[in-house]
1. For region 216-253, which positions are under 20 Å from residue 288 (Cβ atoms), touching a helix residue (DSSP H, G or I) at 6+ places or on another chain (Cβ under 6 Å) and not in a helix (DSSP H, G or I)?
2. Mind checking whether some residue in region 149-156 is in a helix (DSSP H, G or I) and within 19 Å of the chain's Cα centre (by Cα)?
3. Filter region 194-215 down to the residues that are over 18 Å from the mean Cα position of the chain (by Cα) and assigned to a helix (DSSP H, G or I), then identify the one that is farthest from residue 255 (Cα to Cα).
4. When residues of region 234-289 are filtered for being at pLDDT 95 or above and either at positive phi or in the same structural domain as residue 199 (by TED's automatic domain parsing) (or both), how many remain?
5. Which condition breaks for residue 106 when tested against (1) closer than 16 Å to residue 70 by Cα; (2) more than 17 Å from the chain's Cα centre (by Cα)?
6. Here is a list of conditions, (1) in a helix (DSSP H, G or I); (2) touching a helix residue (DSSP H, G or I) at 6+ places or on another chain (Cβ under 8 Å); (3) free of Cβ contacts under 8 Å to residues at least 40 places away in the same chain, and residue 257 meets all of them except one; can you say which number that is?
7. Give just the number: which of (1) within 24 Å of the chain's Cα centre (by Cα); (2) touching a residue at least 40 places away in the same chain (Cβ under 8 Å) does residue 41 not satisfy?
8. Suppose we keep only residues that are free of Cβ contacts under 8 Å to residues at least 60 places away in the same chain and not in a helix (DSSP H, G or I) within region 284-317. Which one would you say is surrounded by the fewest Cβ atoms within 10 Å (Cβ to Cβ)?
């Protein structure tokens, strides 16, 4: 079955969580109103806030406001403002799935924060670079940057900021199917979130990731408990995160062979994802719906949803999801008696899985992990 989608926690406002709503429109109107009379660093900060406000609605405006912020900040020698503008540009490219460009801007942001002595910004940028490596399947690189960020938080005795790093490290081991290690990191993240009363939203993300690890351990009942807790913590306007939780609950019901309940959660999840154009999320949900229809004998509908998933996954360049979609299409083709097509899909999915394995240097990850433990 398709794996539940993981939440990766990132800078300031989590990339997978911010939503564009009527409240966001009001915020933008307020910022624009303040901009006309603002000067110097205050104006830079407003421009950067406007840039980030458009992450999920108008990437061109994200880029334009970030450019204006960077230009003014350079004239003022306001390095923190420059670094934030670089980060906003990186987020814009991330949203476009242009990871090569995103990582260039995140690196520029990291270096500028470092020059300015802003260790917080540097740590957030390192975390974001780790996220890009994770998205590209370059897990050793992801671990390396997450650990650099963690070291900054530890050096500055900011335990409250460590939860997102632990959560992201948990995702690495979840991806590698080292579920006990993943659960250990998620547990650390949850303990910090409770201790410092971090946002309900952040806790929701970690609970969802914990559910994914439990499902990986073949504990669907336990997984469902975490996914439902995650959903309860989300506000109605948090559409992307609600869609992820609804989809994960639906995928868990698929695993439990409760296809009626699976459809009950997967269909509204897909509707939300279509509304906000969440291609990543749609791939997993479409696979879940396809599998639900496959298991209930609705093969034509199952094929339609699987083909939609294939079109999207080729767009977002996610080899892990691609392998899953191709395997599903192979099974469907075999069920339909088209064994030639089934073989073609199976061969392609094997190649996709080989590509993933070639990127995962488990010994290097173990070495980096050992280094972290030694430093502690």
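1. Those that are under 20 Å from residue 288 (Cβ atoms), touching a helix residue (DSSP H, G or I) at 6+ places or on another chain (Cβ under 6 Å) and not in a helix (DSSP H, G or I): 217, 234.
2. yes
3. Here the residue is 195.
4. The total comes to 1.
5. All conditions pass for residue 106, except number (2).
6. That leaves (1) as the condition not met.
7. For residue 41, the failing item is (1).
8. Among residues in region 284-317 that are free of Cβ contacts under 8 Å to residues at least 60 places away in the same chain and not in a helix (DSSP H, G or I), the one surrounded by the fewest Cβ atoms within 10 Å (Cβ to Cβ) is 297.
The values are calculated or read from the model by the stated rules, or taken from the named source; none is laboratory data. Nothing here was measured: the structure is a model prediction, and the numbers come from that model. Quick reminder, even Gly has a Cβ in these numbers, built from the backbone with ideal geometry, and neighbours come from all protein chains shown.
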